[in-house]
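So the structure is just underneath, and the comments pick up after that.
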Amino acid sequence: DGMINTVPVGTPVASLKEAYEEGSAFLVFTSKDGKILADDELVGSGCVISIEANGKIIDSATFFVMGDVNGDGKITIVDVNRANLHFKNKSILSGYELLCADVNGDGKVTIVDVNRMNLHFKNKNKLW
């Protein structure tokens, strides 16, 4: 089990499945809530990708998508607000949510991260 952080926001499941074709093995994508994702759904933070063959999971990894704090595969005002509340110590993030809010990768969520997410949300300066 590992973490994958190289998937940009807005990536559909189908585009990742296309990149992987390996005999009898196949990919299964599940949401952070454990729901199997359809090909047209977005990969979001907390989603798990599993490689399965012969009815067994061979390997799996969890996605954390930069800026996608709530795991819906997009950066919205909800993500910006959650990062801002963490920055202000009003609602503390943990796990993949914390990793996603730290968009500059310095190990903490600061006003710089909040501003970068907000600029992405407003289509003024994309993170990817």
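The values are calculated or read from the model by the stated rules, or taken from the named source; none is laboratory data. Note that the structure is a prediction, hence the values are computed from the model and not measured. Don't worry about glycine lacking a Cβ; one is built from the backbone with ideal geometry, like all the others, and counts go over all protein chains shown.
Remarks
- Selected residue (only one of Ser50, Ser45 is surrounded by fewer than 21 Cβ atoms within 10 Å (Cβ to Cβ) and either within 19 Å of Asn5 (Cβ to Cβ) or touching a residue at least 60 places away in the same chain (Cβ under 8 Å) (or both)): Ser50
- Residue match in the range 65-78 (condition: surrounded by fewer than 22 Cβ atoms within 10 Å (Cβ to Cβ) and in a strand (DSSP E or B)): no
- The single condition among (1) farther than 24 Å from Gly105 by Cα; (2) in contact with a helix residue (DSSP H, G or I) (Cβ under 7 Å, 6 or more places away or on another chain); (3) modelled with pLDDT of 95 or more; (4) surrounded by 13 or more Cβ atoms within 10 Å (Cβ to Cβ) that Asp40 does not satisfy is (4).
- When Leu98, Leu85 are screened for being surrounded by fewer than 19 Cβ atoms within 10 Å (Cβ to Cβ), in contact with a Ser or Thr (Cβ under 7 Å, 6 or more places away or on another chain) and assigned to a helix (DSSP H, G or I), only Leu85 passes.
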